Every structure is written in structure tokens, then in C-alpha cells.
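**Student:** Pasting a structure here, questions to come.
The values are calculated or read from the model by the stated rules, or taken from the named source; none is laboratory data. Because the structure is a prediction, the values reported are computed rather than measured. Every residue, glycine as well, gets a Cβ built from its backbone with ideal geometry; the counts of neighbours run over all protein chains shown.
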């Protein structure tokens, strides 16, 4: 799975339901859901909400494995956006990887939690 697949996953899961209905369920605005379904990159909070609603691990979307501490995978996905500079894609990838490491750390500390992504 990849970040590029996020928009199609959202459209598939939403099915024939309206954008307003589903966006309310997810906790994002209808405009945000429409933009992400159209292929735009969400911010990290929105990304977390979408992954929770889709019931997918963000690491699967970002193509990050637990053992990878520093990987260009996230940057590769971000570089697919022609409006995003290479430097910005790299910076965002590092931010995402840092967030992933922090979530993994919290998960290890609080292993009784239902989901580290909530």
C-alpha cells in the first residue's frame, strides 16, 4: 500500500455515501475529504483520522516497516506531488518518520491501549 493509494481507498470505502455524511463521521470537513479523495496530501492530524476511519495502520500507507528507522519511502511518495519541492518532500518525510517513531514508542509504553493511532 502507498500514500498514492489513500485517495482511492477513501473513495472505495465511502462508496455511494455522500461526502458530507462521511466527512462528519471521520471528523474532517467535506472540503478536506474531497481534496484528499482528489489526490491532495492531508496534514498529519487529518491523515491520522483518515487511517483510523479506514482501519489501516499509517505505517502501511506510508510503506514504513517497524525496523526501518530512516527510510526514503515516505519521501518517495511525497515527491509524487509535482507541486511539492524535493526539499519539502524530504522534510515532510522526516517529520512523518519522527511521528511514527513517537507513536511506536508510546505504543510500547502503553501496550494496553486499543490503538496507538487514536
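**Student:** With at pLDDT 90 or above, surrounded by 19 or more Cβ atoms within 10 Å (Cβ to Cβ) and either touching a helix residue (DSSP H, G or I) at 6+ places or on another chain (Cβ under 6 Å) or part of a loop (DSSP other than H, G, I, E, B) (or both) as the only criterion, which of 92, 33 stands out? It would help to see each step written out before you state the result.
**Tutor:** On the way: 92 fails: at pLDDT 90 or above.
Being at pLDDT 90 or above, surrounded by 19 or more Cβ atoms within 10 Å (Cβ to Cβ) and either touching a helix residue (DSSP H, G or I) at 6+ places or on another chain (Cβ under 6 Å) or part of a loop (DSSP other than H, G, I, E, B) (or both) holds for just one of 92, 33, which is 33.
**Student:** If you don't mind, there's one more thing I want to ask. Can you tell me which residue among 10, 4, 45 is in a helix (DSSP H, G or I) and at pLDDT 90 or above?
**Tutor:** Values: 4 fails: at pLDDT 90 or above; 45 fails: at pLDDT 90 or above.
Going through 10, 4, 45 in turn, the sole match is 10.
**Student:** Tell me, yes or no, whether the stretch 95-113 has at least one residue that is buried (at least 17 other Cβ atoms within 10 Å of the Cβ), under 16 Å from the mean Cα position of the chain (by Cα) and at pLDDT below 70.
**Tutor:** No, there is no match, as no residue in the stretch 95-113 is buried (at least 17 other Cβ atoms within 10 Å of the Cβ), under 16 Å from the mean Cα position of the chain (by Cα) and at pLDDT below 70.
**Student:** Out of the stretch 47-58, which residues are surrounded by 21 or more Cβ atoms within 10 Å (Cβ to Cβ) and farther than 17 Å from residue 19 by Cα?
**Tutor:** Matches in the stretch 47-58: 58 only.
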